1. Just one of the numbered conditions (1) within 16 Å of the ligand (Cβ to nearest atom); (2) under 21 Å from Asp41 (Cβ atoms) is not true of Ala274; which one?
2. Considering (1) surrounded by fewer than 24 Cβ atoms within 10 Å (Cβ to Cβ); (2) within 16 Å of the ligand (Cβ to nearest atom), say which one Val235 fails and leave the rest.
3. If the requirement is being closer than 28 Å to Leu329 by Cβ, within 16 Å of the ligand (Cβ to nearest atom) and out of contact with any Gly (no Cβ under 9 Å at 6 or more places or on another chain), which of these qualifies: Ser102, Ser81?
4. So which residues in the stretch 161-183 are outside any loop (DSSP other than H, G, I, E, B) and buried (at least 17 other Cβ atoms within 10 Å of the Cβ), if there are any at all?
5. Might you let me know whether the stretch 67-84 holds any residue that is assigned to a helix (DSSP H, G or I), without any contact (Cβ under 8 Å) to a residue 40 or more places away in the chain, among the small types (Gly, Ala, Ser) and open to solvent by less than 80 Å² (accessible area, probe 1.4 Å)?
6. Of all residues in the stretch 297-320, which are outside any loop (DSSP other than H, G, I, E, B), of a type outside the set (D, E, K, R) and surrounded by fewer than 21 Cβ atoms within 10 Å (Cβ to Cβ)?
7. Being surrounded by fewer than 12 Cβ atoms within 10 Å (Cβ to Cβ) and not acidic (Asp, Glu) is the filter here; which residues of the stretch 260-269 pass it?
8. Kindly list the number of the only condition in (1) over 20 Å from the mean Cα position of the chain (by Cα); (2) open to solvent by 40 Å² or more (accessible area, probe 1.4 Å); (3) among the aliphatic types (A, V, I, L, M) that fails for Leu247.
Amino acid sequence: MSVEEFVKRYAVDRRNTDSVKWDATDEVFGTDNLLPLWVADADFKVSEEVTAALKKRIEHGVYGYSKTPASYYEAYCKWQSERHNIEVQRDWIRFSTGVVQSLSTLINMLTQPGDAIMILQPVYYPFMNVIKRNDRRLVTSNLKQKATSYDMDLNDIQQKIKKEHVKLFINCSPHNPIGRVWSSKELEDLLELCRQEKVLFVSDEIHHDLLVGKKPFTSALAVKNGFYRDNTVVVDSASKTFNLAALQNSHVVMPNPQFRERYDHYMERLAAPAGNIIGKIAGEAAYKNGAAWLDGMLNVVRNNYEYVKDTLHKSCPKAVVYDLEGTYLAWIDLSAVIEPEHLEYIIKKKAHLAVSFGSAFGEAGKGFIRLNLATTPANIKLATEALVEQLQH
Ligand SMILES: Cc1ncc(COP(=O)(O)O)c(C=O)c1O
């Protein structure tokens, strides 16, 4: 589907729909009239097939206690296998209302208060919050910054794992906000290190369908033909892929039966809900029929990314737009143009943009902004022009 066709069919005005991104901007940023490019959801309505499946259920009109239909498992496993060559068996899957909630559950299930948990920074900031709020010790390794990308610093990771007695590693794959899709080799090195050091591995793969560059996605479950499965838990969801975040349905995938037993026990203790039927109906319809919609959205994201990159390159070459392999989030270094201390003021008060500021993702993100590209080219043009005006000031 062309960019124009996708935008014509699916772009909608989200103002006054209780959208966090569009309707909570004033409260969160303390300024009104900002163009919102922050929260990681998309400004596009779902595919016709998802709406039809939801309508059918709504028209039935009964919302009694529900179970996960067998067809949901089939649709998800088929999607993972056909789109990414990942084997997922039905009995490995558990459900949760969100990926961050699953991370919190896994932290409690796999570690004790005071245990060290490692992440790579800059990273999606709820990783830091969920570790600290559960009274675990946060251990960070900075990603190695290159001209327009990043690498993992395996030596640093190894040293800190040993020194801090790290028990659990939480990886972001693809990595928000830096846009990397980790290669099979990079993941193998990391997984092997964790195996040798007896560090459990949780892989947050929520962005795994959002492949913007040419690189294929490798799940931690698929590395070396599944060699690391027993040490690995994957959390993911249809929510980023098909824009379903509000429907609160996500997956925890555990090939290791001992993890599953501990997980079930922990969830029973919490009496925690396992997603909900509306989220599952939407997810199933999307896995079955959503490929064209997803490919259409990815075309829009690629188009928006190229526009931002070209425009900034021509009008302000010192602003560095990082490579985007995965996610719909552009990571832009403005530190050579705007003093990091003045960044928030200029972006909010002068450019009138609500973006995510890099410092929220860790000290290493200072001076950067993260721009959500899952919106119309018209919004991206407005935002880029507003940015350029300030950068050229
Ligand atoms: C890496 C990552 N994990 C988790 C989430 C949020 O997932 P959920 O809404 O299911 O908690 C996001 C959302 O931006 C994310 O980027």
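1. Answer for Ala274: the failing condition is (2).
2. (1)
3. Working: Ser81 fails: within 16 Å of the ligand (Cβ to nearest atom).
Every option except Ser102 fails the conditions.
4. If the condition is that a residue be outside any loop (DSSP other than H, G, I, E, B) and buried (at least 17 other Cβ atoms within 10 Å of the Cβ), then Ile161, Val166, Lys167, Leu168, Phe169, Ile170, Asn171, Cys172, His175, Arg180 are the ones that fit.
5. Yes, there is a match, as at least one residue in the stretch 67-84 is assigned to a helix (DSSP H, G or I), without any contact (Cβ under 8 Å) to a residue 40 or more places away in the chain, among the small types (Gly, Ala, Ser) and open to solvent by less than 80 Å² (accessible area, probe 1.4 Å).
6. So the first thing to find is which residues in the stretch 297-320 are outside any loop (DSSP other than H, G, I, E, B), and the list is 297-315, 320.
With the extra rule that they be of a type outside the set (D, E, K, R), the set shrinks to 297-301, 303-305, 307-308, 311-313, 315, 320.
Leu298, Asn299, Asn303, Tyr307, Thr311, His313, Ser315, Val320, listed by residue number.
7. Start the filter on the stretch 260-269 by keeping residues that are surrounded by fewer than 12 Cβ atoms within 10 Å (Cβ to Cβ), which leaves 261, 265, 268-269.
The answer is His265, Arg269.
8. It fails just one condition, (1).
The values are calculated or read from the model by the stated rules, or taken from the named source; none is laboratory data. Note that this is a predicted model, so its numbers are computed, not measured. All Cβ positions, even for glycine, are placed from backbone atoms using ideal geometry, and neighbour counts span all protein chains on display. Keep in mind that these areas ignore ligands, DNA and RNA; they rest on the heavy atoms of the full protein, side chains included. Shrake-Rupley method; radii C 1.70, N 1.55, O 1.52, S 1.80 Å.
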